[in-house]
Structure formats: structure tokens, C-alpha cells
Amino acid sequence: MTPLKLGISDQDGFTTSDPRVRRRLLDRVAEAGLDHVTMGDHISFHGGTGFDGMITASTMLSSHDRLSVIIGVYLLGLRHPMLAARQLSTLSQMAPGRLTLGVGVAGEDRREVSNAGVDPKTRGRRLDEALMLVRKLLAGEEVTHDGEFFRLDQARILPTPQPRIPIVIGGKGDVAIRRTAELGDGWLGIFCSARRFAETRERILDAAASLDREAPSWFGVNVWCGLDADQGQARELVAAKMEGLYHVPYEKFQYIAPAGTPEQIAEFLRPFVQAGAEHITLIPVGSSIEAEIDAVAEVKEHLEKAVGTA
């Protein structure tokens, strides 16, 4: 079995303004045996919350020499592909082989899309076109293109990232399956059950085979969770955080955003690993960022023992 890669995401904790604290936290992540840090991306979410995925990825990569970073997911459809490709090329020069780009569409807050100058009705088609162009540009091709949303004239981005940056597709449903099969190196799920994860993975592999395209090899999932020695406290922590961010009751998430001890969270994750999830990011809510890191490391230990990937 391929070794499990398990990482952590805590946008607030790792984006501290104190670089010494940030380096100390990232050292703690690496020393705990975790494999990566995942950073999100929003322009203006539910009234103004935001964090730029490229900038935070650059900060994390420059703050630690070994940890990998996943941007999961970057709202590429709200950006120009030429500029995004340049940023990725630059990040690859800084930290070759340590970045994975997840891309997706903004859906939960339509104002975030429209205020970025994009018609929410066309955001999916815009992402498809941008993704196709970014892949060509990152391959070093000279691109002339006259499309629905973008026009490029002998455009080129150098240097070409070496090794290449994996591009994985976020989202769910038929569109994510089609987009991954056509344009992705893999799929990054979130807010899904283990059963849905397994079904989506198989459908992606089948769809890629029908296109006579090499099968995507990267499959991962992001999971919100509450982590505490007391399960009731864990639930209170994650409920408050998610309700504040998404503006919906935690009960809507409770079956896909578990709360409990590290051993209980590992048991929740075991079916995902058995279904083919090799890259897992926990978005933990605990009593402190240090407690979250230590608890996620415990989850990894329990999970590796349970599935035999240690």
C-alpha cells in the first residue's frame, strides 16, 4: 500500500504576523511526522473573509525547508490564467517539488464570484478554459488562444516548473468527475462520505479510461473535525468554528465533519484510506494550534496502525 500522506490546515494559526511563531509551528508540524500543510483560498467569503492561496503558499514554503504545501482549493476561475501560471512558475523556482495545486469553483457565496467580475452562471466554463490554459503554459508551450473568456497572443511562461506541479480538481458531482478525467492529475474531495469518495474515485478512473487518458493517480480528501480528549468539547469547538464561517448549523455537517478524540477521528478516516485516499488533510479545531498539531499527529499514528501503512 502507498504510504499515507496526512497533513494539517489551520489558516488562522499559520498565518500569524510573527514569523518566529510561524516557523516554530511549522517545525512542530514536521517534527510530529505530518507530511504537508494545506492552505485555502477565498477573495471575499460571506461578508469579507479571505486568504489568498498563492501568497499563503509562498509564505509557508519560505518558512520551512521541507514541508510540502497543498493549495486546496484555488479559485482559478476568478483569476487570469496567465498571471496564475506565472505565480506557479515562481513558486516552483522557490520550492521545487513541494507544491500541489488544487483548483475549484466558488459556489457557496455567489457575491464572491460577482464581486470578482465574474458571472456566477459562467464560472464553471471559465474555470475549464483557465485550467486548460494554465496546463499548457506550465508545460512551456507558446499559446495563442481566442476563447470565450480569455485571449492570449504568443503567450509563454518560463521557466517550466521542474518537477511539474500536480494539479488536482476539487468539488463533487458529475462536473468534478468530468473535469478531473479531462484535465486533472487527481481529485481532492471535501464534505463527502467515504462511500461517496469511493464512488467518485471509481467514476473518475472509468471516465479517464474512456478518454484513453492516463489514469489520475492523486486522490485526497480534506476533513473538518473537532479534536479534544472530551468528545463533547470537541463538538462544541468545531460547531462554533464552522457555523461562524459557513453560516449554517453544524448539524448540516456533523456526519462528514466528525468530533472526538484522535482515536475516534482515525476510525472515521479509515474507510477513506481503504477507498483509495492517499492524501488526507485534517482541518482541526482544538483548544490551541499547538494542541491541534499534536492531536493530528496522534490521528496519523492511530490511522497508520489501523490500515497498515506505517
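Before moving on, here are some points about what is shown:
- Kirkwood-type radius of the stretch 1-146, with distances r between different C-alpha atoms, in Å: 16.3
- With a simple spin-label model that places each label point 7 Å from the Cα along the Cα-to-Cβ direction, the separation between Q93 and A30 comes to 2.3 nm.
- 17 Å reach of a label modelled at D230, 7 Å along Cα-to-Cβ, counting backbone N of the stretch 260-274: 260-262
- Antiparallel %, DSSP beta bridges [both residues in the chain], to 5: 15
- Shown here for the stretch 220-287: chymotrypsin sites (Phe, Trp or Tyr not before Pro) in loop regions (DSSP other than H, G, I, E, B) with at most 11 other Cβ atoms within 10 Å, namely Y255.
- Spin-label model, Q274/E251: points 7 Å from Cα along the beta carbon direction are separated by 3.0 nm.
- Cβ crowding within 10 Å, taken as a proxy for footprinting-reagent exposure, orders S217, S68, S9 from fewest neighbours to most as S217, S68, S9.
- Distance between the stretch 227-242 and the stretch 27-93 - C-alpha centres, whole angstrom: 26
A short reminder: the numbers here are calculations on the coordinates, not readings from a lab. The model shown is predicted, which means the values in this text are computed figures rather than measured ones. We place every Cβ from the backbone using ideal geometry, glycine too, and count neighbours over all the protein chains shown.
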